[in-house]
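Student: Have a look at the structure that comes next, please.
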Amino acid sequence: MRVHIAAACGFCYGVRRAVELAAQAEAGTHTLGPIIHNPQLVDSLSEKGVTPVNSLGEVADGSKLLIRSHGVGPDVYDEAEKRCLHIVDATCPHVKKAQQDARKVINAKKVLVIIGEKDHPEVISISQWGGNRAIIIDKVEEAEEIPYCETMGVVVQTTFSQSRFKQIESVLAGKTGHLDVYMTICAATRQRQEAAVELAGKVDAMI
């Protein structure tokens, strides 16, 4: 058996940065949610005293809190400040940009559409920066159901499929008189998707 590795794989910049910040954190630091979808790494950090929590209610006042790469909404920062929590912000810069783009769309009084998975923590955080006023979709069929509006701003989950985004974008273009698209799919995601497609055409099975 011959094993081939995709040309682009492994941690993207945002996740690698978050993991490095967690590894450097002092014992007693909490991460708001697991730092990454990797139980072995989460367990390793827990052994060093860097443990995940599900909400700020589990964190004592004055504690150290690491915000993972998916980001959080503005209310979390406000509560953390009130409770004197020491924040280590590991929000991915690409996610941070998507959050600010969402706020920009809402401030301009445009209809905000977020293309991404509704229950994904990154999408939830982006929506919160948009005042929870976004229409969130991840299918062409959902885009077709959006009523016509004069102006629309679109923000995309940083890890969303490039090809699916283009299909949805083409539908949204006919749903408004003026469409602003903030292309927030990160380059690392595009590279990994393209590498996976290329590898799939060369091998008999993929993991």
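The values are calculated or read from the model by the stated rules, or taken from the named source; none is laboratory data. Just so we're clear, the structure is a prediction, and the values are computed from it rather than from any experiment. Every residue, glycine as well, gets a Cβ built from its backbone with ideal geometry; the counts of neighbours run over all protein chains shown. In case anyone asks, the SASA skips ligands and DNA or RNA and just uses the protein heavy atoms, side chains included. Shrake-Rupley method; radii C 1.70, N 1.55, O 1.52, S 1.80 Å.
Student: How big is the accessible area of M206 in square angstrom, nearest 10, if you roll a 1.4 angstrom probe over the protein chains?
Tutor: About 90 Å², rounded to the nearest 10.
Student: Which loop chymotrypsin sites (Phe, Trp or Tyr not before Pro) in the stretch 130-171, with loop taken from DSSP, have no more than 12 other Cβ atoms within 10 angstrom of their Cβ? Intermediate results must be reported in sequence, preceding the final value.
Tutor: Working: sites: Y148, F160, F165; in loops: Y148, F160.
Hits after loop and neighbour filter: Y148.
Student: At 1.4 Å probe size, with every protein chain present, just tell me what the per residue accessible area of the stretch 49-125 comes to in Å².
Tutor: Details: 3580 Å² over 77 residues.
On a per-residue basis, the stretch 49-125 sits at 46 Å².
Student: May I pose another question? Give me the dipole magnitude in Debye, nearest 20, for the stretch 147-207 about the Cα centre, with unit charges on the beta carbon: positive for Lys and Arg, negative for Asp and Glu.
Tutor: Numbers: 6 positive and 6 negative charges, 18 e Å.
Taking the Cα centre of the stretch 147-207 as origin, the dipole is about 80 debye.
Student: If you roll a 1.4 Å probe over the stretch 53-207 with all protein chains in place, what percent of the accessible area is carbon or sulfur? Don't skip to the answer; put the middle values down first.
Tutor: Numbers: 4060 of 8000 Å².
After summing per-atom areas, the C and S share lands at 51 percent.
Student: I would also like to ask the following. List the GluC sites (Glu not before Pro) in the stretch 126-193 that DSSP assigns to loop (not H, G, I, E or B) and whose Cβ has at most 13 other Cβ atoms within 10 Å. Which are they?
Tutor: E145
Student: Do any trypsin sites (Lys or Arg not before Pro) in the stretch 156-207 lie in a loop, going by DSSP, with at most 14 other beta-carbon atoms within 10 Å of their beta carbon, and if so which? Present the calculation step by step, with values, prior to reporting the outcome.
Tutor: Details: sites: R164, K166, K175, R190, R192, K202; in loops: K202.
When the trypsin sites (Lys or Arg not before Pro) of the stretch 156-207 are filtered for loop state and at most 14 Cβ neighbours within 10 Å, K202 remain.
Student: Report the Cα centroid-to-centroid distance between the stretch 165-207 and the stretch 46-118 in angstrom, as an integer.
Tutor: A separation of 25 Å, based on Cα centres.
Student: Which one of H4, A80, G57 is farthest out on the positive end of the charge dipole of the chain, using unit charges on Cβ (Lys, Arg +1; Asp, Glu -1) and the Cα centre as origin?
Tutor: H4
Student: Report the net charge of residues surrounding I136, where surrounding means a beta-carbon distance below 13 angstrom and charges are Lys +1, Arg +1, Asp -1, Glu -1. Kindly include the intermediate steps, with their values, before the conclusion.
Tutor: Values: positive: K118, R133, K139; negative: E117, D119, E122, D138, E142, E145.
That works out to -3.
Student: Using per-residue counts of other Cβ atoms within 10 Å, averaged over each peptide, order 123-133, 20-30 from highest down. Intermediate results must be reported in sequence, preceding the final value.
Tutor: Working: 123-133: 20.7, 20-30: 15.7.
Ranked from most to least packed, the peptides come out as 123-133, 20-30.
Student: Near A27, within a Cβ-to-Cβ distance under 12 Å, what is the net charge of the other residues, with Lys and Arg +1 and Asp and Glu -1? Show your work: numbers first, answer last.
Tutor: Details: positive: K48, K64; negative: E26, E47.
Cβ neighbours under 12 Å give a net charge of 0.
Student: Let me ask you something else. Nearest 500 deg cm²/dmol is fine: what mean residue ellipticity at 222 nm does the chain get from its DSSP H runs of n ≥ 4 alone, each adding -39,500 (n - 2.57), divided by its residue count? Provide the component values of the computation, followed by the final result.
Tutor: Values: 8 runs with 84 residues, N = 207.
My calculation for the chain gives -12000 deg cm²/dmol from helical runs alone.
Student: Please name whichever of V203, Q157, H30 sits farthest to the positive end of the charge dipole of the chain, dipole taken about the Cα centre and charges placed at Cβ: Lys and Arg +1, Asp and Glu -1.
Tutor: Comparing the listed Cα positions along the dipole, V203 ranks first.
Student: Keeping all protein chains in position, work out how much accessible area V42 exposes to a 1.4 Å probe, and write it in Å² to the nearest 10.
Tutor: 20
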